[in-house]
Structure formats: structure tokens, C-alpha cells
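A short reminder: the numbers here are calculations on the coordinates, not readings from a lab. Quick caveat, the model's predicted, so the values are computed rather than measured. Heads up, the Cβs are rebuilt from the backbone with ideal geometry, glycines too, and the neighbour counts pull from every protein chain shown.
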């Protein structure tokens, strides 16, 4: 199922011609920069795929690699090295941006494992179309209140009762978000420690949790925007 | 030739809206390279020379004056002069309509939609990058003169909030000026570098950069010599220019209402009032009031006192526009004002006390016993930082070896999706270089083309974002709808400029991409606008220095030759006139020799002795522009003063 970096295929270094594992950014023999390796974001940092990461260590490694890879270090290098420095640094930055954020990290790992996660090139409306059944009633009520609130704003009236009802709804959804986050954290540890079967179960749970989270945070955003308008 | 190129110096250039500077490293310290007139600032003003001087070095190109002398021409022949061209860089015709109301830009009328606007200067037309190239060439020459060696590589700063097209236009300008642009650096980041060089510090810095025409705010983390930008925000059309325009509008309206004179009909007079407005603004940073005292064509004089309190009330709406971006940058960095350890002020407009007050409030500074950093000259700090970055790229110095700048893209990159909405593929504030890979397919059987529209911005609808380019993926093998899988890779490089590559995965065929930048010059156009290839011929460098030195000498000698015909000449005392004559004779003699440095030195000496004379002529020009005399008889008496190109007048306003 999970495909780790294929280290079986040696690649010859462009500079010293000695074969090396293709997941490396620098030739282990002559230290020259290499074209972007084919591995995943975790392998850029020499890590196994994991959901709990040591963030200070990740940042330290990001800085260490940046110093070596950044195009600023290759401003006067040959064209091919310049190009690889750019590609490698883009990969490093993309990897760091994804892994340092727990939610992006989780989505990324699940996608690597073949899950469909609700964004991609869809419009905002498409992404938000699915309302979970257990929230149908509350979301219906909330949308009514939001409409009323916007209408009241438009006509210049203040409606303190409505505002406080919305504040209350916001608090409630905020709490639900917190619960989702706690459940997600539990799943990270479960996945990290689990065997294949346990991981498969955990993945399903996480996909559902992420869907729910996205939906809730959109609700919270709408309420915040309407209240703050 | 390659050897020479790679061994050469890399200079740092601040290509500003109002002033431009060039700087370099001396050991571990950055410094600004002065121009021939000894001034560090080169006003970003370009004037087309009134009489085409045949110069072999120009390769048939029109000759222009850049800097202080061009600024003088602004009042005398405004139709041949352009300033604040940075506001037009990388922008389309429909985007610049607002600017046209406030600036005397004359855009050629017959430009088609999607074409780069051209500015009419006298009888000729120039694209904004060409105008910027003239400024860059002047800076390049100043550096070459200073080092007595060719300079072919540079780091150029841009506002952090510049979009892709504005960045590309700046790079194009560099190429036209004969400079290989090794990196575009964001101005606030450069300022942080200039400050951070001599302190091995850790902390969070906010850089508030309010320049002549642009506003940027950047928040950085500094740690172990790594400057990591967390977030940036800004407004590429907000700056000191807007304050000048406010004062100018008030003066023009009051003059019209109270004296029945519409100065707007006289571009030269408007520029003279604008100059008075700028002087008033500068005075109000130190004094509690400033005065307008302007003589009008009908003999009236317009008198107006502007107390600082009134000034502050006037400019409040302009300054307030900087608050939103600051708050957004803090929010994007995920921090509160209390978590900002230091604030750095950049840009001439941060000298205004009301600006400092606002910054203090935004970042809760005095409440925490802190003060913003203003130790480095706010006009120079960006150029100094550019020099540090140039040092980093050249890898020449130990002090810069440990430094590294990790900057971000200021605007989200997106693709127009169905229904005109935007699908974001790279979020704003992502560390650059950054990339994103997207897959596209066909909607109709046998379809061989897919059109992609790339936009930059934060709005939900593509039409509200900045259109960057339309890509046509061509040569897709005919297949059933939805079967082709075209992988498109978007890469934002370390300059913040987008590159796109595409590949059809099922057939393994590389899809061809035809890139149509929404606004911008093609490679061929840039090539055709390169100012002069002579600039790049290293072998001829010494010869060129000598030719340039002689040209400069001849220009000033010609002006001095005509000086006695000017009414200003009579205002000089005998001693001053004798000094000018002596300096003139010395230069005339030295000019015959082959020593470029000696010619420059003698030119500079003559320039210094004629400085008061130049000022007197300037005053005469201003007052005649205001009284409208240039249209009438006074024109004759002033003609010589008007056309005398004085290459090295001192800076009149900072």
C-alpha cells in the first residue's frame, strides 16, 4: 500500500558518475547538488511518514537545507546547477510548508495513501455543498439567522438578540471544532503506532474528521464575517 | 568574456518611485555609491534632451538626461520629462487610468488593449521599462565610474507587494540597461538585511516601508543569520506622491476659486506648485507650519499657511490606508503586535511625525518602552540592503556567507475555474521558490487544446484578481474527453516570477505551452529595446569611460559658454564669475588629455563653482513658469537658461 521511496534504483551522479540512492539532494560522494529526488515530502527531511513531528527539529533541518540549496548559493553557478537549486528549493519549501502545519500534513499523508480530500481544482461552492446529515437542522437554522442578520445590517438596524444568538452558535461550532481537533490528534498517534490494519481504520476516520472540520470552519468563518461586517 | 563577467562586482540597486540609488560592499560594510555630483540620490526623473546631440556611443538612440538636471527640465519643458514611472511598471492601459488623473503621464493614444502602454515624450514614445532602463543605466554608469571597472550584474529591489508583471517589467528594464539581474529583492526585506547585518540577533521584526509611491509591510523572523519572512502586505499605489497630490489639489483649487486662475492649463506651472507642495510637506516634518507663497500670472499672489495640525488632518485618510495591510500581515503571521520585537522604518515618508505616531499605535511601541529603528537613513537603507544581498550572491565576503534571505510571494496564485471563480494553487505568504502541480483534462472528444487562465490576488472571482497570463496547452493527442492527463507545473522562482511547464502524461508527450502574458513585453521586444550594446563591450570600457567623461565635460562647458546670456549671470559677483571662468579654462585644457578621472575631477570642480548660478536659473525658471511668462516675451530672455543642460545640479528636495 504505502510506497516508500524506492531506494533500489541507483542513479549516477551527474558530476562524479558514482551511483547513489535517488532520494538524495546532494551526491554523497562529491557533495554536488542533484536534480529533485522523486520521494515524498517526508523523505526530503530524511523522515519516515509520520503524523506527530518534532517541529523545532523540522525547522532546524529546513534552515540547514535552505543554506545549502537556496538559489542565492548558486547565483554564479552553471545553468544546470542553478536549475536544480531552484527546483530542489521549491520542493524543500513546499515540503516544509506542508509538514509544519498539522492539518496540511494530515491531508498530505492521506492523499499520498490514496484518499480523496475535498479540495483540488473545485470552486468554493462545490467544496461546501456537502452538509453532514447530523448538522442539517442546525445549519438550516444558522443560515436563516445569517440571512436575517445580513438583511438587518443592510437596512442599518442593529438586532442585539440575533447577534447574541449568532455569537452563541459560533461558540458552539468552535467547541465542535476543538473536539474534532482532539479526535484528530488521537488518530495521529494511532496511525503512527499502528500496524497496517490499524492504520487503514485510522485513515478512514481521519478523512471523515477532516471533512467535518472543513465544514465547521467554513461555518465559523461565515458567522465571524457576518458579525464583523 | 565569461570570466570577466563572473569575476565582476555585483551592485545593489534601489529603483525607487522618487529617487534611485546604487550601493556596494566595502569589506563587510555596505555603502551608497555617489553620482558625479557627489549626491547619493539620483531622482527617478528622465528628460528627453531637447537637441539631439550626435554621440557615437549612443548607437543612434535618443539621448536623455537622468536625475537632477531632468528634474529641472520638469518645470521648463514638462512635455519631455517623466517622473514616478514606477507607478506604470507592469500595468495595463485600463489599470493606469487613475494615475493619469494625478500624474502628467502622456500615454500614446493608439495603443491597443493588452499592449504595454507607451509614454509620449516630446516626439518619441517609450515603454515604462525603457524609462526605468535609462535610470538603471545612469546608476550602472555611476558605479562603473566609481570603480573604474565594468559593472554587469545587479540585485534590484522591488516593493514586496509587486505582482508578477511588475517584477517582470523591472527585470526587463535591467536587461535593457545592460545589467544581468541576479535577483529581485523585496524592499522591506532588503531594509531588514541592512539593519540585521551588524547584529547577530534573534527576534521578530516588522518593516514599515512608506516610500514615494508604494507601501509595504513585512514581518520577519531573524534567527542564526536566516531572515525568514513570515508575511507581507501592502499597496503598490500608496505613498508620498499621494500626499503631494493632496496638497497640490488644494492649492490649485484655492487658486482657481480665489483668484480665478486655472493653473491646470499650464503643466509647467502645475509642476512648480507641486515642487512648492513637496517643500511644504518636508518642512512640516520639522516645523509647526509651512507657507505657500506663489506668484500668479495675473499679478496676484497666493498666500496660504498650512499648520501642521491641518496637514495631519488632511493626510490622515492616506496614512490610515497603511493600517489595514499591517493588521493583515500580523494576522497572516499569526502574531499580535506585542510579539513584534523591533520595528524598522523605511522610506522618506516615514519622516512625517504623524506616520511615526501611527506606527507607534499599530505596534504598541511606546506602551512597551520601544522605539522604531531609524538609525539608517530611510532613503538609503533599501539600497544598502540590496548591496548586502549582492554580497550574499557574489559569495565574496565572510560576513554575508552566514546570511540567507527566505522571502515569500505576496499574492496568492490561482487558476480560473468553472463559473469564473478562482482555484488557489499557491497561497500568499508561501516561501519562494514555491511550486504547485495541477492536472487538467479535456471536456470534448478529440480536443487538442486546453486554455488556462492564471491570476494573482485574493478575491474569489477571477475577474477581480490580476490576470497574469493565459496559457494554451497545445498538441494534446486526440483522445476521448476526460482521458488526457496534462500535468502543469507552476513554479514561482526566488524573484517572485512565475514559470510554467506542462506534460501530457498518458502519451508522454510534452504539451506545448503558448504563454500570453496579459501585460508585458515579449523577449524580442525587450531585445530590441536594449539601450546600447556598446555598454557591454568590456574591451572598450576604458575608451567608453573617456568618451563619457568628455561628453559630460562638453555638456557643462556648453552650458557655461551660454551662461553670460542668462539674467542669472548678472546676479553673480565678480569673484564668483572669476572662479567659474578659471574652472572652465582648466576643464577645457584637461579635456584634451586621455585621463578620464582627471576630466571628471575638473568637471566636478566646474560644477561646484556654478552651483549658485544653477540655483538662480532654477528660481528664475520656477517663477516664470508660475507667472506664465514662458509663453510670452520672457521666453526669449530665458531660452538659453531653459535649454542649457546642466548635468549636475544639486538635489533640490529630499
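Rounded to the nearest 10 degrees, the angle from helix B:353-362 to the longest Cα principal axis of chain B is 20 degrees. Over chain B, the reciprocal of the mean inverse Cα-Cα separation, the Kirkwood hydrodynamic radius, stands at 26.4 Å. Distance between the 7 Å Cα→Cβ label points at residue B:608 and residue A:29: 6.4 nm. Three semi-axes describe the equivalent ellipsoid of segment A:10-100; taken as square roots of 5 times the Cα gyration tensor eigenvalues and ordered largest first, they are 23, 16, 10 Å.
Just to verify a number: FRET efficiency for residue B:458 and residue B:339, C-beta to C-beta distance, R0 = 30 Å, to 0.05? It comes out at approximately 0.80. Taking the helices alone, chain B has a mean residue ellipticity at 222 nm of -11500 deg cm²/dmol, built from -39,500 (n - 2.57) per DSSP H run of at least 4 residues and averaged over all its residues. Centre-to-centre separation between the Cα atoms of segment B:344-417 and those of segment B:139-184: 19 Å.
On a 0 to 90° scale, report how tilted helix B:240-259 is relative to the longest principal axis of chain B, with both axes built from alpha carbons and the result rounded to the nearest 10. In chain B, helix B:240-259 runs at an angle near 50 degrees to the longest axis.
Divided by 2.2 N^0.38 Å, where N counts the residues, the Cα radius of gyration of the protein assembly as shown comes to 1.05. Sketch the reach of a paramagnetic label on residue A:190 as a point 7 Å from Cα along Cα-to-Cβ, and name the residues of segment A:95-113 whose backbone nitrogen lies under 20 Å away. Answer for segment A:95-113: A:102-113. Please identify which residues in segment A:137-157 have an amide N closer than 17 Å to a label point set 7 Å out from the Cα of residue A:175, following the Cα→Cβ vector. Correct set: A:138-139, A:142. In this calculation the C-beta distance from residue B:582 to residue B:562 is compared with R0 = 22 Å, giving a FRET efficiency of 0.75. Compared with the dominant Cα axis of chain A, that is its longest principal axis, helix A:55-69 is turned about 50°. Taking every DSSP helix (H) stretch of at least 4 residues in chain A, weighting each as -39,500 (n - 2.57) and dividing the sum by the residue count yields a mean residue ellipticity at 222 nm of -21000 deg cm²/dmol. Modelled spin-label separation between residue A:197 and residue B:298, with each label point placed 7 Å from Cα along the Cα-to-Cβ direction: 9.9 nm. Semi-axes of the equivalent ellipsoid for chain A, computed as √(5λ) from the eigenvalues of its C-alpha gyration tensor and ordered from largest down, come to 45, 22, 14 Å. For segment B:74-96 versus segment A:188-229, the inter-centroid distance based on Cα atoms is 52 Å. When the alpha carbon gyration tensor of segment B:197-250 is reduced to an equivalent ellipsoid, the three semi-axes, largest first, read 32, 11, 6 Å. Cβ-Cβ distance of residue B:522 and residue B:589, R₀ of 56 Å, FRET efficiency by 1/(1 + (r/R0)^6): the value works out to about 0.65. The gain in end-to-end length when the residue B:202 to residue B:448 segment is fully stretched comes to 83.1 nm, 0.36 nm per residue minus the alpha carbon separation. Based on Cα contacts under 8 Å between residues 6+ apart, chain B shows a relative contact order of 16 percent. Short to long, the 5 Å bins of the Cα pair-distance histogram for segment B:287-352 hold 3, 11, 14, 16, 14, 12, 9, 6, 5, 4, 3, 1, 0 percent of all pairs. Each principal axis of the Cα atoms in segment A:21-65 has its own extent, and those three values, largest first, are 32, 19, 14 angstrom.
Simple spin-label estimate for residue B:123 and residue B:597 gives 4.2 nm between the two label positions (7 Å along the Cα-to-Cβ direction from each Cα). Taking every Cα-Cα distance in segment B:357-475 and sorting them into 5 Å bins starting at zero, the pair-distance distribution P(r) comes out as 2, 9, 11, 11, 12, 12, 12, 11, 8, 5, 4, 2, 1, 0 percent.
The fraction of all Cα pairs in segment B:544-593 landing in successive 5 Å bins from 0 to the largest distance is 5, 19, 27, 22, 14, 8, 4, 1, given as whole percents.
Relative to the current alpha-carbon distance between residue B:331 and residue B:377, full extension at 0.36 nm per residue lengthens the span by 13.6 nm.
From the Kirkwood radius over Cα pairs of segment A:122-228, Stokes-Einstein at 25 °C and 0.890 mPa s returns a whole-number translational diffusion coefficient of 157 µm²/s.
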